[in-house]
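Worksheet: one structure, shown below.
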């Protein structure tokens, strides 16, 4: 069957080996950059997986994921700075607020398809960004600084090493992959793919199109917001320009499209390719290189859409079939 | 046969701006029947289908299903109640296999993967598509795609199946196969309403034929009577031929 993962023994052992290597990685590397790089790979992989549930499976091409990312980051950070709410609880609250925001925006957009949905999602994200930029309660354009606390898992804050962040993000990524593969293999996954094909086909098969689209958006928003809270706790400072901007939304789409939209593992591969390019050019070239990563992205995306629309994951599957 | 008709269409009227696509159309379908709706191109057959299955809200009139008013229900709710349909231009889910397409229909009655899988296999065997179950839906011939579309509809376990031109574009051999399939569908207790241009199929399958022209129902009756009806000949061929008939 295409699209639905069925695990062979070989795949299970490969995954187990990869997991062991990833678990050992923090012990093997020195310095903070390799750690930061992997954390960003995991985070964008998670964001891509979350995007994929609505974009890849249900065909709702959101270019506004930064709104959910920012809402997650802001909810937990605001609750923490204003009411001393534990960030783990803030994380769940952020997920809920983002899912509610998704429902709110999802209702008027419930019949929009293709580019129209994409345009609406950009508009939504920009409205959120501009609003947050002027909202005094949450610091407006100055943003929020996360108050320093002792490092502990409970406080979701670590100063001496990035390793705990690494493991937490890896855990989040695995959770997202679990959610996505559950969606993909269950009735919901079939229904979302039918909806992606055509609303009419879905309706004659008895599918409540609006309900399933809403469910997909809300799940996606929840996971995206979780990553947002993580990012706030990791960077310890946030303003609208760091979490709510369009380039973040675009990067999320690119990660998923490059890796393979509509496959569970695609975004992970996409993130593993794109994030090193973006982080390395940023660090090595500094301001001189700003935009270089975008040039590389653009080239990659053009190549992918012309020669391999199924993404790298589709390419790997093709090679796998040939070698069988 | 029960006293309440399975489908009861009462005075359905549908306007698109100045165009009267359906003008006060009424008919009933009893359980176990095969009823064909025929008429020249643009007569309003597909519009009528869309009004019955919840794709268009009619401007006036009612649609009753088993005595229950379903006139303004959403299409997916109508499907849940037991009315399945296909489209004039064949619609399948392109990036799925044949089996997955049918499973998507089967999920309506069973949320579990295993049960939907089983039901889909059963329907595919019934429809003669079982050997192609792992093929991509896009790789099928037109005939197989039409069978697939019927299979998807059957997987939702309907009481009433409405087919919009499922014979169009088939060669004579394929046509025989499709007619045989629809007979088996009826034998399984599914009532059929079909919009069809292929008269060979209409004559063979129908218990009753309803003729629509310019949005109005003009004649209704057994197929043999309908095809010699002067009004029907006029509708299809114009006045000159009616004079000769």
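The values are calculated or read from the model by the stated rules, or taken from the named source; none is laboratory data. Everything numeric in this text was worked out from a predicted model, so none of it was measured. Every residue, glycine among them, receives a Cβ derived from its backbone with ideal geometry; neighbour counts consider all protein chains shown.
Could you please let me know if residue A:184 is modelled with pLDDT under 95, more than 30 Å from residue A:139 (Cα to Cα) and not in a loop (DSSP other than H, G, I, E, B)? It is true that residue A:184 is modelled with pLDDT under 95, more than 30 Å from residue A:139 (Cα to Cα) and not in a loop (DSSP other than H, G, I, E, B). If only residues of region A:192-208 that are within 24 Å of residue A:100 (Cα to Cα) and within 7 Å of another protein chain (Cβ to nearest Cβ) are counted, the one that is surrounded by the fewest Cβ atoms within 10 Å (Cβ to Cβ) is A:208.
Residue-wise test of (1) more than 12 Å from the chain's Cα centre (by Cα); (2) more than 12 Å from chain A (Cβ to nearest Cβ).
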| residue | (1), (2) |
| --- | --- |
| B:29 | yes, yes |
| B:33 | yes, yes |
| B:45 | no, yes |
| B:50 | no, no |
| B:66 | yes, yes |
| B:79 | yes, no |
| B:92 | yes, no |
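Going by what's in this entry, would residue B:178 be described as in a helix (DSSP H, G or I) and within 14 Å of chain A (Cβ to nearest Cβ)? The answer is no for residue B:178. Within region B:104-115, the set of residues being crowded, with 23+ Cβ neighbours inside 10 Å, within 8 Å of chain A (Cβ to nearest Cβ) and part of a helix (DSSP H, G or I) comprises B:104, B:105.
Is it the case that region A:271-283 has a residue that's over 18 Å from residue A:43 (Cα atoms) and either surrounded by 11 or more Cβ atoms within 10 Å (Cβ to Cβ) or touching a helix residue (DSSP H, G or I) at 6+ places or on another chain (Cβ under 9 Å) (or both)? Yes. Scanning region B:138-149 for residues that are assigned to a helix (DSSP H, G or I) and under 21 Å from the mean Cα position of the chain (by Cα), we see that the one that is nearest to residue B:175 (Cα to Cα) is B:143. Contact map, region A:232-259: residues that are on the phi > 0 side of the Ramachandran plot paired with residues that are modelled with pLDDT of 90 or more and in a helix (DSSP H, G or I), Cβ distance under 8 Å, separation 6+ or inter-chain. No pairs are found. Checking the stated criteria, residue B:11 turns out to be in contact with a strand residue (DSSP E or B) (Cβ under 8 Å, 6 or more places away or on another chain) and over 15 Å from residue B:213 (Cβ atoms).
So, in region B:81-103, exactly how many residues are more than 21 Å from residue B:182 (Cβ to Cβ) and crowded, with 18+ Cβ neighbours inside 10 Å? If you could, list the steps in order and put the result at the bottom.
Going residue by residue through region B:81-103, those that are more than 21 Å from residue B:182 (Cβ to Cβ) are B:81, B:93-97, B:99-100, B:103.
Now drop any that are not crowded, with 18+ Cβ neighbours inside 10 Å, which leaves B:93, B:96-97, B:99-100, B:103.
Final tally of qualifying residues: 6.
Just to be sure, is residue B:128 surrounded by fewer than 19 Cβ atoms within 10 Å (Cβ to Cβ), away from every other protein chain (no Cβ under 11 Å), farther than 19 Å from residue A:200 by Cβ and in contact with a helix residue (DSSP H, G or I) (Cβ under 7 Å, 6 or more places away or on another chain)? Let's see the steps before the verdict.
Working: surrounded by fewer than 19 Cβ atoms within 10 Å (Cβ to Cβ): yes; away from every other protein chain (no Cβ under 11 Å): yes; farther than 19 Å from residue A:200 by Cβ: yes; in contact with a helix residue (DSSP H, G or I) (Cβ under 7 Å, 6 or more places away or on another chain): yes.
Yes, satisfied.
Every residue, every condition in (1) surrounded by fewer than 20 Cβ atoms within 10 Å (Cβ to Cβ); (2) modelled with pLDDT under 95; (3) at positive phi, yes or no:
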residue	(1), (2), (3)
A:91	no, no, no
A:94	no, no, no
A:100	yes, no, no
A:111	yes, yes, no
A:116	yes, yes, no
A:132	no, yes, no
A:137	yes, yes, no
A:145	yes, yes, no
A:149	yes, yes, no
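Scanning region B:27-51 for residues that are under 14 Å from residue B:159 (Cβ atoms) and touching a helix residue (DSSP H, G or I) at 6+ places or on another chain (Cβ under 9 Å) yields a total of 3.
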